[in-house]
Amino acid sequence: ATERTLSIIKPDATRRNLTGKINAKFEEAGLRIIAQKRIQLTKAQAGEFYAVHKERPFYDELCEFMASAPVVVQVLEGEGAIAKNREVMGATNPADAAPGTIRAEFAESVGENSVHGSDAPETAAEEISFYFSGLEIVG
Ligand code: CMP
């Protein structure tokens, strides 16, 4: 089925001017960018977005990092978009990411791993509405 997923190009990638190269990977995989904006998160906003990880040891570092430079938030649409996006991103830890994936090519570490993607339909819907209003999504 056609799905939508929330994608974030993270500070390590925007800092290195990799937005276009990462978007090309999405488009080559058949994903369509149907909403996109560049924003600067506060640490509090990052913390709210990643609230599910609040008890993890890396939570503070993660929130600090996500607020350290602009991010590009996007809605990707396509057939099986959630799984397809996760495939294109590669494993969370770039050391485990398959060749050709975004994280294998661009990520610096497990924390500074260039991209985020929703992991399931319910979280995709929640994460999309965290950043976008319906009017901003043009499928
Ligand atoms: P993401 O898909 O955005 O979801 C949660 C993020 O936490 C994850 O990508 C990583 O960037 C980060 N993360 C996961 N594990 C670690 C870790 N061991 N140390 C630091 N950051 C981590």
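So what's the chain giving for Cα Rg divided by 2.2 N^0.38 Å, two decimals?
0.96
Whole-Hz Karplus ³J(HN,Hα) for the range 74-80, in order, using 6.51 cos²θ - 1.76 cosθ + 1.60 and θ = phi - 60°, x for Gly and Pro?
Karplus-based 3J(HN,Hα) across the range 74-80 equals 8, 10, 9, 10, x, 5, x Hz.
Just to confirm the filter: which GluC sites (Glu not before Pro) across the range 30-66 are DSSP coil and have at most 10 other Cβ within 10 angstrom of their Cβ?
For GluC sites (Glu not before Pro) across the range 30-66 that sit outside H, G, I, E and B with at most 10 neighbouring Cβ atoms in 10 Å, the list reads E55.
Using the Karplus curve 6.51 cos²θ - 1.76 cosθ + 1.60 with θ = phi - 60°, what ³J(HN,Hα) values do you get for each residue of the range 28-36, in whole Hz, with x for Gly and Pro?
4, 7, x, 8, 10, 7, 9, 7, 6
Tell me the relative contact order for the chain as a rounded percent, counting alpha carbon contacts under 8 Å between residues six or more apart.
Relative contact order of the chain: 38 percent.
Springs between alpha-carbon pairs under 10 angstrom, Gaussian network model over the chain: which of A69, A24, A13 fluctuates most?
A24
Within the range 1-113, what is the number of lysine pairs with alpha carbons under 25 Å apart, leaving out pairs fewer than eight places apart on the same chain?
So the count works out to 12.
Which residues does a label at F58 reach in the range 118-139, if reach means a backbone N under 19 Å from a point 7 Å past the Cα toward the Cβ?
118-120
Pop out the carbon and sulfur fraction of the accessible area of the chain as a percent, whole number, probe 1.4 Å. Don't jump to the answer; show the numbers that get you there.
Working: 3570 of 7110 Å².
That fraction is 50 percent.
Could you compute the net charge surrounding D12? Neighbours are other residues with a C-beta less than 10 Å from the C-beta of D12; K and R count +1, D and E count -1.
Residues close to D12 contribute a combined charge of +1.
List, in order, the whole-Hz ³J(HN,Hα) value for each residue of the range 87-97 obtained from phi through the Karplus relation with A = 6.51, B = -1.76, C = 1.60 and θ = phi - 60°; use x for Gly and Pro.
5, 5, 5, x, 4, 3, 8, x, 5, 9, 7
For the range 80-139, calculate the relative contact order in percent as a whole number, restricting contacts to Cα pairs under 8 Å that are 6 or more residues apart. Walk me through the numbers before you get to the answer.
Numbers: 63 pairs, mean separation 16.0, N = 60.
Result for the range 80-139 is 27 percent.
Per residue, how many Å² of accessible area does the chain show with a 1.4 Å probe?
The answer is 51 Å² per residue.
The values are calculated or read from the model by the stated rules, or taken from the named source; none is laboratory data. What you see is a predicted model, and the numbers here were worked out from it, not measured in a lab. Backbone-built Cβ (ideal geometry, glycine too); neighbour counts: all protein chains shown. Keep in mind that these areas ignore ligands, DNA and RNA; they rest on the heavy atoms of the full protein, side chains included. Shrake-Rupley method; radii C 1.70, N 1.55, O 1.52, S 1.80 Å.
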